[in-house]
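Shown next, in structure tokens, is the structure this report addresses.
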Amino acid sequence: MNEIEATNQRSRKSTKLFEPTILVRACKEAFFKLDPRTVAKNPVMFVVEVGSVVTTFLLIRGLMEHNKDNLFVGQVTVWLWFTVLFANFAEAMAEGRGKAQADSLRKAKTDTIARRLVNGVEERVAAPALRKGDIYVCEPGDFVAADGEVIEGIASVDESAITGESAPVIRESGGDRSAVTGGTRVLSDRIVVRVTSNPGESFLDRMIALVEGAQRQKTPNEIALSILLSGLTIVFLFATVTLVPFAHYSVRAASAGEVPSITVMVALLVCLIPTTIGGLLSAIGIAGMDRVMQHNVLAMSGKAVEAAGDVNTLLLDKTGTITIGNRQATAFHPAPGVKEQDVADAAQLASLADETPEGRSVVVLAKEKYGIRERDMESLHAEFVEFTAQTRMSGVDLPGRKIRKGAGQSIQRFVEEQGGSMAPQVREIIERISKEGGTPLAVAENDRILGVIQLKDIVKGGMKARFDQMRAMGIKTVMITGDNPLTAAAIAAEAGVDDYLAEATPEMKLAYIRNEQSGGRLVAMTGDGTNDAPALAQADVGVAMNTGTQAAKEAGNMVDLDSNPTKLIEIVEIGKQMLMTRGSLTTFSIANDVAKYFAIIPAMFFVTYPELGALNVIRLTNPHSAILAAVIFNALIIVALIPLALRGVSYKPASAAQILRKNLLIYGVGGIIAPFPCIWIIDRALVAMGLA
Amino acid sequence: MSVNGFLQILIYFGIIVAITKPLGAFMAKVFEGEKTFLYRILRPLERMVYRICGIKEDEDMPWTTYAIAMLAFSAVGMVLTYVLLRTQGMINFAGLNPQGVGAKEMTPDLALNTAASFTTNTNWQNYVPETTLSYFSNMVSLAIHNWMSAATGMAIAIALIRGFSRKSAKGIGNFWVDTVRATIYVLLPIALVGGVIFIAGGVPQNFLPYQVVTTLEGAKQTIAQGPVASQEIIKMLGTNGGGFFNANSAHPFENPNNFINLLQILAIFCIPAGLTYTFGKMVGNTKQGWAIFGAMSAMFLTGAFVCNAAEQSGNPYFAKAGIMTEQTTTQPGGNMEGKEMRFGIGASTLFATVTTDASCGAVNGMHDSYTPLGGLVPLFNILTGEVIFGGVGAGLYGMLMFAIIGVFIAGLMVGRTPEYIGKKIEKFEVQMAMLVVLILAACILGFTAMSANTSYPPGATAVTFDDKHAADEAKLPPLASWNHVNTSSPSNYLGATTNNTNNGGAHGFSEILYMYASATGNNGSAFAGITGNTPHYNVTGMIAMLVGRFFMIIPLLAIAGSLAAKKRVPESLGTFSTDSGTFVALLIGVVILVNALTFFPALALGPIVEHFQMTPTRKPI
């Protein structure tokens, strides 16, 4: 299992699709949602509900008059109500998991007491009393009272209430890890926090609202699709309503039979309008958001998820996303006249006290490849020289020996200060390593450059295949790195990305995104630092890491609670899947109408035009059984497709043409054929049970 | 179907394929304002028109201005025609009204219907031209619309194409420039050459009064004639279809022989087919145009073959009665009712398919006499919204509307915000496209429902009055006059609007459905058999024609404006290509499915049930 799969496994700690508690709650919800004000938001289902009310009225009148077709009208009425209920149930199911999650989040929102600092004096206030700009203190065991920024101190924080991740995280003032979230708990040390959000606007509040779907707004494509579905509903309304006068004419012309009853007309209308997709539309949207949530990503809007499916360009940070975060030493290259062994020895000495992963890897390489054992700093009377942003090198001072390692230019300056110089061969080595995608670190002792350590970025396993998939989907991947162009090009080639942005500054990122967007492309990116904020805001899909700064989290339209930048790729797939599910079910729903016409029209004019029986290709038993079978099929298909709506249609990255052909075949052609046998079976079952 | 019919369809189609590219490329140049081989000859004329009319050639209009210009142009034309038709009796000089017809023949409701009919490129004729229209009315009042409405259609199509081809643009072109160019560079040269060939082929062109001749049997017969050829060519080329004679292209003066017949149907399809190539050329990918052409062709060929096969297989009752319906070397076989012996089944069914695919509406036979299935083909063609090549311009913009709907669903299916020719299809476009679909459906179904059940006054039956009973006639309620046949003698009150049909039963229903489909689709062909010259049918037909024309054009212009303002999305592997076979299949699927689902109940009670009545296949349930 490679690394990406491992993270996926971890993040899919999802609840099962049909958990009993959710199921029970959804059943109840389905009835509450019969409220016409709720149903009215969905024009297609509203028409069904109005139809149900009409047939219910007809049934009551029929019962009082003891009509002989009460059994038929009654059954139609029941199944029409079920059609609405099933659609409500689907929506409730989709909301179920979010609600369950919201409940557990609410628990984190306990009423904590905050220790507010006013002019350096501590006072105890209830957490909701905190306002933006207030300052408060947290000590071990305290809950973080409100979202804020650490302005003083460093602490380990348990964020499991929000992220579900039990390992504590470090939060410290300054830098990119300064944001704390209300509801989390400080485990060690004391921090001073400046409040960044007012009550009700906090991250937790937003999260609860999001998972509950309370603020769910329809996405642009969902709105466009709703319009299409409403349009079709109106067209079918015309087709059904005008069928009444057409029938009057026909009955007169044939002098036989009678005009089909209102019940039959309502049944036909409900069968024709796209109830399948109409009933499942909102469930698909909610489930899509929920799937994003299952990946531990908080999408601030469904629009962002949908936009993710449309992304043309993906900006990915090199470090942590494409390569594993740390570089490793892979070779020592000696300067002319120096032995390789000596380079390794000096490099190890310089790195003994260097606790960075890069430093450790130098020590390990020297040991493994040259058998140089680690030495104890103290016994050597060695003094460690730390890395600073000014010198940009580190090393040790031994009696009479100054050993340094660092970037080529810094080391060159170091030896030149002491009267030495860099041999052209060394410069060549440095350039060669850069070109190959490595990071060269020169090693010097006093005025002499001994050689170069080659550090290499390790590209994560499976990335190349991932990027190939992306390419097949028509998405361009761009690697962002602070490395020089030579290094960047080499890693880009190794990882298989389409483009790279070397020596990237926040301004360059912003400019790159704007440039892509002006060409009509949609851009997605991940980021965590404050300086990423403008780019995150500019990008169509900006995923901020939860470990990132408040500014970054506010600028993006998604927050990744796991802070795993690779996830952007999955979000893209979920976005696509959401649209595909809608498109496929729309096609299926409309294609179904063909079979329903063949079932109902001959039945309606059974006496008037018996010749139309020729259209009854599946030989349904009688007019009542034919109409009922179509109505029942129409209701049951909603239930049958709930799992598909919640999970999304299967998706494998492929070119658009392949996907379309496949889906047209399954949902288009399948949608025309499938109802025939189903309706036939229901027809026979009804007859066998004596219901029609 | 017969080998002869099969070959006729293929040869005809082969010529259309050959014409498409050169004509399409030519039109692309014309509308882009580039130089063509006609530039040096016709440019001065074009400049002169701009100067006289005060048109600023380089002005670019936003879609709203474009739409207002189009509406104003149509409205002025319609009012002018109405006035000229009503006053035709006064315009009587230089032999332009040899028969002395006047306002008595052209009643207000008929004049309204006719004015709307020609303005909207429908050319539905609720009158007998020979006895109703002067030569002046034919040549000026009506013929101007044969040019104007055709040029308007082309302009709208070009505006919509610009919506796709432009990016981040405010305007969609200049309506006046587009119509002037369409007229001067496209319609005029072809009409000029075609008209002369028609005259050479035997179509009359004169201002002589009708001639009374003695037939071989010794009976007196009035032979109508006039400036036919000039009208005939533009009637076809502009997919207008309004005939000089009542029999339209079945009349030997309009359509004297098989060669002219072939030229006529070629004239119908040439511009609509060419425009598909123009579309591809202007959006920068001719394959896109060929994809549209492919979808249209597949539907055309299917319709032509089915229609031919249905007519060739004939009426089973004939076979039962012992009448031979098989084709032999000397007999055409099949169903020859309502067809000209000169053309036979092959040329008649081909003509019927072409004229209803394109919103032409000229006929060389009577569709009413076709077998139910044979008649279903023209009816369904019209119900598609005239998108199988369609009217000049109208076919293309109608088809692009279906492409937008198709692409929207397909785009979702591949997991992207749908895009067509690099333009995102979003809420607004879907809204406008659906608006068109439902208004057209409402118009056809609504008026059919009305006319299948109305009676003036309610419950009335048909009555006739001759001059002696004028007093009784005066006692009729005023409402009765709504279904009074204009200028009928004796005076004829039909009462129920179903009485206007020639046949009862399912066939009568087909006649009514066909009429409103034809009017709304701006086709203008009649199923025949319906007496339309009553205020009821004149007024409802007029509304259907106006709705069908303008409620389609205005939303589509809005789409053009919205698309033009958008950026162009670059194509990638994730984009679903709209120049592939899959797209062609999808487009056909959308056109067939949307229309079949909308009109299935109506069709089931008309031609479908009639077919099963004629050929019972199976025991009913």
Condition check for A:Ala465: open to solvent by 10 Å² or more (accessible area, probe 1.4 Å) and free of Cβ contacts under 8 Å to residues at least 24 places away in the same chain:
yes
Filter region B:552-579 for residues that are surrounded by 24 or more Cβ atoms within 10 Å (Cβ to Cβ) and in contact with a strand residue (DSSP E or B) (Cβ under 7 Å, 6 or more places away or on another chain); which is farthest from the other protein chains (Cβ to nearest Cβ)?
B:Leu563
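Residue-wise test of (1) in contact with a Gly (Cβ under 8 Å, 6 or more places away or on another chain); (2) modelled with pLDDT under 95.
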position: B:Met1; (1), (2): no, yes
position: B:Leu10; (1), (2): no, no
position: B:Gly14; (1), (2): no, no
position: B:Leu23; (1), (2): yes, no
position: B:Gly33; (1), (2): no, yes
position: B:Thr36; (1), (2): no, yes
position: B:Cys53; (1), (2): no, yes
Quick test for you: out of B:Ala519, B:Ala526, pick the one residue that is within 30 Å of B:Tyr456 (Cα to Cα), open to solvent by 20 Å² or more (accessible area, probe 1.4 Å) and more than 14 Å from every other protein chain (Cβ to nearest Cβ).
B:Ala526
Please go through region A:552-572 and pick out each residue that is surrounded by 22 or more Cβ atoms within 10 Å (Cβ to Cβ) and either in a helix (DSSP H, G or I) or within 10 Å of chain B (Cβ to nearest Cβ) (or both).
A:Ala552, A:Lys553, A:Lys567, A:Leu568, A:Ile569, A:Ile571, A:Val572
Residue by residue through region B:401-440, note down the ones that are outside any helix (DSSP H, G or I) and either more than 9 Å from every other protein chain (Cβ to nearest Cβ) or open to solvent by less than 20 Å² (accessible area, probe 1.4 Å) (or both).
B:Val414, B:Gly415, B:Arg416, B:Thr417, B:Pro418, B:Glu419, B:Tyr420, B:Ile421, B:Gly422, B:Lys423, B:Ile425
Test B:Ala182 against the stated conditions and say whether it is open to solvent by 80 Å² or more (accessible area, probe 1.4 Å) and of a type in the set (Gly, Ala, Ser).
no
Within region A:188-233, residues outside any helix (DSSP H, G or I), touching a helix residue (DSSP H, G or I) at 6+ places or on another chain (Cβ under 9 Å) and either without any contact (Cβ under 8 Å) to a residue 12 or more places away in the chain or open to solvent by 40 Å² or more (accessible area, probe 1.4 Å) (or both) come out as A:Pro199, A:Gly200, A:Ala214, A:Gln215, A:Arg216, A:Gln217, A:Lys218
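Residue-by-condition table, conditions (1) at pLDDT below 90; (2) farther than 30 Å from B:Leu160 by Cα; (3) open to solvent by less than 10 Å² (accessible area, probe 1.4 Å):
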residue	(1), (2), (3)
B:Met282	no, no, no
B:Trp290	no, no, no
B:Ala298	no, no, no
B:Thr302	no, no, no
B:Glu311	no, yes, yes
B:Gly338	yes, yes, no
How many of the residues making up region A:278-336 are assigned to a helix (DSSP H, G or I) and basic (Lys, Arg)?
2
Evaluate the following for A:Gln409: is it polar (S, T, N, Q) and over 19 Å from A:Asp483 (Cβ atoms)?
no
Would you confirm, using the coordinates I've provided, whether B:Thr582 is without any contact (Cβ under 8 Å) to a residue 12 or more places away in the chain, open to solvent by less than 30 Å² (accessible area, probe 1.4 Å), touching a Leu at 6+ places or on another chain (Cβ under 7 Å) and of a type in the set (S, T, N, Q)?
yes
Residues A:Ile618, A:Ile601, A:Ile672, A:Ile590: which one is closer than 29 Å to A:Val266 by Cβ and either more than 12 Å from chain B (Cβ to nearest Cβ) or open to solvent by less than 10 Å² (accessible area, probe 1.4 Å) (or both)?
A:Ile601
Could you tell me which numbered condition A:Arg661 fails, if it satisfies all but one of (1) within 32 Å of the chain's Cα centre (by Cα); (2) under 30 Å from A:Lys68 (Cα atoms); (3) without any contact (Cβ under 8 Å) to a residue 24 or more places away in the chain?
(2)
So which residues in region B:373-400 are open to solvent by 10 Å² or more (accessible area, probe 1.4 Å) and under 15 Å from B:Ile559 (Cα atoms)?
B:Ala394
Has region A:420-428 got at least one residue that is more than 15 Å from A:Ala331 (Cα to Cα), out of contact with any Phe, Trp or Tyr (no Cβ under 8 Å at 6 or more places or on another chain) and buried (at least 18 other Cβ atoms within 10 Å of the Cβ)?
yes
Selection from region A:146-174 of residues that are out of contact with any Pro (no Cβ under 9 Å at 6 or more places or on another chain) and part of a loop (DSSP other than H, G, I, E, B):
A:Asp147, A:Gly153, A:Gly164, A:Glu165, A:Ser166, A:Ala167, A:Pro168, A:Ser173, A:Gly174
Any chance you could count how many residues in region B:26-48 are without any contact (Cβ under 8 Å) to a residue 60 or more places away in the chain and assigned to a helix (DSSP H, G or I)?
8
Picked from region A:621-644 (must be part of a helix (DSSP H, G or I) and among the polar types (S, T, N, Q)), the residue farthest from the other protein chains (Cβ to nearest Cβ) is A:Asn634
Please pick out the residue among A:Gly279, A:Gly231, A:Gly257 that is more than 7 Å from every other protein chain (Cβ to nearest Cβ), under 29 Å from A:Met93 (Cβ atoms) and not β-branched (Val, Ile, Thr).
A:Gly279
Would you confirm whether any residue within region A:234-253 is of a type outside the set (A, V, I, L, M), more than 9 Å from chain B (Cβ to nearest Cβ) and more than 21 Å from the chain's Cα centre (by Cα)?
no
Strands (runs of 3 or more DSSP E) enclosed by region A:353-430 - at least 2 residues per element that are within 43 Å of the chain's Cα centre (by Cα):
A:393-398, A:401-406
Here's a check for you: in region B:441-466, which residue that is touching a Ser or Thr at 6+ places or on another chain (Cβ under 7 Å) and away from chain A (no Cβ under 14 Å) is surrounded by the fewest Cβ atoms within 10 Å (Cβ to Cβ)?
B:Thr464
All positions within region A:604-614 that are open to solvent by less than 20 Å² (accessible area, probe 1.4 Å) and at the interface with chain B (Cβ under 7 Å from one of its Cβ atoms)
A:Tyr609, A:Leu612, A:Gly613, A:Ala614
Report the residue count in region A:300-320 for those that are surrounded by fewer than 24 Cβ atoms within 10 Å (Cβ to Cβ) and away from chain B (no Cβ under 14 Å).
5
Please tell me if B:Ala273 is assigned to a helix (DSSP H, G or I) and either touching a Pro at 6+ places or on another chain (Cβ under 8 Å) or without any contact (Cβ under 8 Å) to a residue 12 or more places away in the chain (or both).
no
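The values are calculated or read from the model by the stated rules, or taken from the named source; none is laboratory data. Since we're looking at a predicted model, the values are computed, not measured. Glycine gets a Cβ as well: all are built from the backbone with ideal geometry, and neighbour counts include every protein chain shown. We work out accessible area using only protein heavy atoms, side chains counted, and drop any ligands, DNA or RNA first. Shrake-Rupley method; radii C 1.70, N 1.55, O 1.52, S 1.80 Å.
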